[in-house]
Amino acid sequence: MSSDHVVFFDTTLRDGEQSPGCSMTTQEKLTMAHALEDLGVDIIEAGFAMASEGDFAAIATITQAIRRPRIASLARAKKEDIEMAARALQFADRARIHVFLASSDLHLEYKLKMSRAEALNQCGESVKLARSLCDDVEFSPEDATRSDRDFLVEMVRIAVEAGATTINMPDTVGYVTPEEYGGMFSEVRKRVPAVDEKGIVLSAHCHDDLGLAVANSLAAIEAGARQVECTINGIGERAGNAALEELAAALYVRGDRFGVSTGIKLDQLYPTSEVLGQLITFKPSPNKAVVGANAFAHESGIHQHGMLANPLCYEIMTPQLVGVARTHLVLGKHSGRAALRHRLEQLGFTVSRDELQHIYYRFVALADRKKNIYDQDLVGLLPDNIRERRNEPVSELD
Ligand code: KIV
Ligand code: ZN
């Protein structure tokens, strides 16, 4: 794999599923796994084998049905977890055991009641065990961004020596800024030369508590990370994980800046988001980037006029690029005459300048009273003589 390839590690079925309203049955997880395979993700984290019988079953089922992406199971840095993960993954063509252990003093002291020395020892032993069971092992120092930097570096060094093939440094609580997160990757690369010498993949895993998950992941890529962990629609613990669709779109649209390749089929982004929306209890918010209902909708007159003149005025990517059928010029109280004429023409009504002016006044008065203006509302505004001279409507309506 070339060094400009960014691995997309999808954790919708593990970190995403771990959040309220997102739990899925094995069958639903399988449906989602097929959609992720079609989307072109490199790795699917299918669950946390030790967490429940359901998770174990889902991982095992997915390994037997999905062939192209590598399938991963999460495991705490414990013998029983790692062995359980290996069992769940036994039928996978290509498997990964993802071992995690907290590296911050806060987690070690209050959650694990473990000393730093014990944590380092457990890290090394667990990664060695995982490597004896699977040739692809990822290690995550949980809460990496709030860990003492020297200690984090030491833990990464031990994990690499023990055989980890990917080192993921999570911003578990979505705390850092892009500059800080990128800086952490640069520092770890510099202080653990074995990372680059052995071709170990560094990975970003960001949560969105401050709305910075995607920005932080991009900063990590600029600092040399070659794997991003993300979820469809950005679902995940609390405010969610980095949104896969936003990362993929950003890397493509700003290819001039990032210069990396991915295996993501961009036109599958919206269809995949739709599949997830049907499986869990909520859809992305309308103003969600890339896949939200308003991501390619324009209401204000100035924007609609610009869009009709040249879509580049207000869109940095076409809706079709990400699998959305078309731009929507939404008619509302901010719309102008250009969009009204455009819509009327699509509905089959060609109007003169004076007629348009007359209809526009009536339209604005209606839009002031009504949040959504539908086609039948518009037709209702037209005088009889215009309605009678209707042409064939244009089939591709906004
Ligand atoms: O956010 C986190 O730290 C995690 C790890 C288990 C990778 O999800
Ligand atoms: Zn996480």
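Checked against (1) within 18 Å of PHE258 (Cα to Cα); (2) more than 16 Å from ligand 1 (Cβ to nearest atom), ARG191 passes all but condition (1). Looking across ALA58, ALA75, ALA65, one residue alone is hydrophobic (A, V, I, L, M, F, W, C) and surrounded by fewer than 19 Cβ atoms within 10 Å (Cβ to Cβ). It is ALA65.
Consider segment 98-115 and keep the residues that are small (Gly, Ala, Ser) and within 15 Å of ligand 2 (Cβ to nearest atom). The one that is surrounded by the most Cβ atoms within 10 Å (Cβ to Cβ) is SER103.
The number of residues in segment 17-37 being in contact (Cβ under 8 Å) with a residue 40 or more places away in the chain and under 19 Å from THR262 (Cβ atoms) comes to 2. Selection over segment 1-54 of residues that are of a type in the set (Val, Ile, Thr), within 16 Å of ligand 1 (Cβ to nearest atom) and in a loop (DSSP other than H, G, I, E, B) gives a count of 1. Checked against the criterion of being charged (D, E, K, R) and away from ligand 1 (no atom under 16 Å from the Cβ), segment 205-217 contains not a single residue that satisfies it.
Within segment 139-172, the set of residues being within 16 Å of ligand 2 (Cβ to nearest atom) and surrounded by fewer than 19 Cβ atoms within 10 Å (Cβ to Cβ) comprises ARG146 only. For segment 236-246, the set of residues classified as buried (at least 24 other Cβ atoms within 10 Å of the Cβ) and within 15 Å of ligand 2 (Cβ to nearest atom) consists of GLY236, ASN241, ALA242, ALA243, LEU244, listed by residue number.
Summed over segment 203-213, residues that are in contact with a helix residue (DSSP H, G or I) (Cβ under 7 Å, 6 or more places away or on another chain) and either away from ligand 2 (no atom under 16 Å from the Cβ) or touching a residue at least 60 places away in the same chain (Cβ under 8 Å) (or both) total 0.
A quick yes/no check of all residues on (1) in contact (Cβ under 8 Å) with a residue 12 or more places away in the chain; (2) assigned by the TED database to the domain that holds ASP267; (3) assigned to a loop (DSSP other than H, G, I, E, B):
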| site | (1), (2), (3) |
| --- | --- |
| ASN287 | no, no, yes |
| GLY292 | no, no, yes |
| GLU315 | yes, no, yes |
| GLU345 | yes, no, no |
| VAL351 | yes, no, yes |
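Whenever a residue of segment 361-377 is in a loop (DSSP other than H, G, I, E, B), its partners that are not hydrophobic (A, V, I, L, M, F, W, C), lying with C-beta atoms within less than 8 angstrom and at least six residues away or across chains, give the pairs LYS370/ASP377; LYS371/GLY332; ASN372/GLY332; ILE373/GLY332.
Among the residues of segment 230-265, those identified as among the charged types (D, E, K, R) and within 16 Å of ligand 1 (Cβ to nearest atom) are GLU237, ARG238.
The values are calculated or read from the model by the stated rules, or taken from the named source; none is laboratory data. Worth saying up front: this structure is predicted, and the values here are computed from it rather than measured. Note: ideal-geometry Cβ built from the backbone for every residue, glycine included; neighbour counts use all protein chains shown.
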